[in-house]
Ligand code: APR
């Protein structure tokens, strides 16, 4: 394991250049440079509530307005910001490596806005709501208060995966399959504490894949990854793509 402070190992650049199957796993740190607060740490607090206290079915049952307000605040915030160089670098990687899979824990939609096309948003997305009763899904366009389902009058809830809820099984199968066959996996901007995303890197390592971690600080993965680069995701990923592939193939969207 190589631990570098902001410096990209030559081996990582060379292996990425030759990669035939690439997986990128992202967390909140990838959107931090866009101005979206991460979950853990002091910036993750909202009106003295921790995300873990709000992102649960029990919290929604107890106080739906409070939880809805938190999601409304996050949606409004995300609409005001733009993708950053980390999102664009990852979109560029999709154009460079044919067998490419992007798995994100982020619900902000910024990868799609940066031009990524195939994205597993394994924790759902902020911009849709789902009926708690009939599972109908609607797009949200700035509605502030709680929304009732027009089909069955059920209570609409954010279309995200809360703590204690199961992830989409098919997504998980595809994510593990991609990680297991990947020759290169990038883990960027995640604290690696929430399963199952935290174990995807081990699926790659177990099959001889090269795992590059990019984070501001060391995490539980740091001792096991092939290399960890400590730095801002936007700066490190932009540099990684430039060193491996040269200048971007398309202008930014
Ligand atoms: N560049 C790289 N890494 C960064 C940056 C940055 N600019 N800013 C912050 N980080 C790192 C932090 O050091 C931390 O390790 O990003 C990580 C963010 O961790 P979390 O806030 O725990 O976010 P994440 O790992 O995505 O959380 C997983 O937990 O609350 C749930 O469902 C929520 O999807 C989320 C999941």
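Each value in this text was obtained by applying a stated rule to the coordinates, not by laboratory testing. Since we're looking at a predicted model, the values are computed, not measured. When we count neighbours, we look across all protein chains shown, and the Cβ atoms used for this are built from the backbone with ideal geometry, even at glycine.
Can you give me the angle between helix 233-245 and the longest principal axis of the chain, using Cα atoms only, in degrees from 0 to 90, rounded to the nearest 10?
40 degrees
With the radius of gyration and the Kirkwood radius both derived from the Cα set of the range 147-205, what is their ratio Rg to Rh?
Details: Rg = 16.0 Å, Rh = 13.9 Å.
Expressed as Rg/Rh, it is 1.15.
Just to be sure I understand the model, the point goes 7 Å from the Cα along the line to the Cβ. What's the resulting residue 242 to residue 143 distance in nm?
Computed distance between label sites residue 242 and residue 143 equals 4.5 nm.
Counting pairs of alpha carbon atoms under 8 Å apart in space and at least six apart in sequence, what relative contact order in percent does the chain give?
28 percent
Enter the angle in degrees (range 0 to 90, nearest 10) between the Cα long axis of helix 197-206 and the first principal axis of the Cα atoms of the chain, meaning the one along which they spread out most.
In the chain, helix 197-206 runs at an angle near 30 degrees to the longest axis.
Provide the percentage of antiparallel DSSP beta bridges, counting only those with both residues in the range 69-197; round to the nearest 5.
Working: 8 of 11 bridges.
Antiparallel bridges make up about 75 percent of those DSSP assigns within the range 69-197.
When all alpha-carbon pairs of the range 22-170 are counted, what percent fall beyond 21 Å? Intermediate results must be reported in sequence, preceding the final value.
Numbers: 5034 of 11026 pairs.
The proportion of pairs with Cα distances above 21 Å equals 46 percent.
How much length, in nm to one decimal, is gained on full extension between residue 53 and residue 169, taken as 0.36 nm per residue of separation minus their Cα-Cα distance?
Once the chain is fully extended between residue 53 and residue 169, it gains 39.3 nm.
Nearest 5 percent is fine: what portion of the DSSP beta bridges confined to the range 1-156 is antiparallel? Don't skip to the answer; put the middle values down first.
Numbers: 6 of 15 bridges.
Bridges in the range 1-156 that DSSP calls antiparallel: roughly 40 percent.
For the chain, set up a GNM with springs between Cα atoms under 10 Å and report which of 215, 168, 192 has the largest fluctuation.
Looking only at 215, 168, 192, the largest GNM fluctuation is found for 168.
If you project the alpha carbons of the range 121-253 onto their three principal axes, what span does each projection cover, largest first, in Å?
Projected onto the principal axes, the Cα atoms of the range 121-253 cover 53, 36, 26 Å.
How big is D for the chain, in µm² s⁻¹ as a whole number, if Stokes-Einstein is applied with the Kirkwood radius of its Cα pairs at 25 °C and 0.890 mPa s? Before the final figure, lay out each step's value.
Working: Rh = 18.8 Å.
The calculation lands on 131 µm²/s.
From the mean inverse distance of alpha carbon pairs (Kirkwood) and the Cα radius of gyration, derive Rg over Rh for the range 1-98.
Numbers: Rg = 18.1 Å, Rh = 16.5 Å.
With Rg and the Kirkwood Rh in hand, the quotient comes to 1.10.
To make sure I understand, if each residue's beta carbon is the centre and we count other beta carbons within 10 Å, what order do 46, 70 fall in, fewest to most? Please list the in-between numbers first.
Details: 46 16, 70 19.
The order, fewest Cβ neighbours first, is 46, 70.
Could you work out how far helix 85-96 tilts from the main Cα principal axis of the chain, as a 0 to 90 degree angle to the nearest 10?
Its long axis makes an angle of about 60 degrees.
Using Cβ counts within 10 Å as a stand-in for footprinting exposure, how do 25, 243 rank, fewest first?
Numbers: 25 29, 243 15.
Neighbour counts put them in this order, fewest first: 243, 25.
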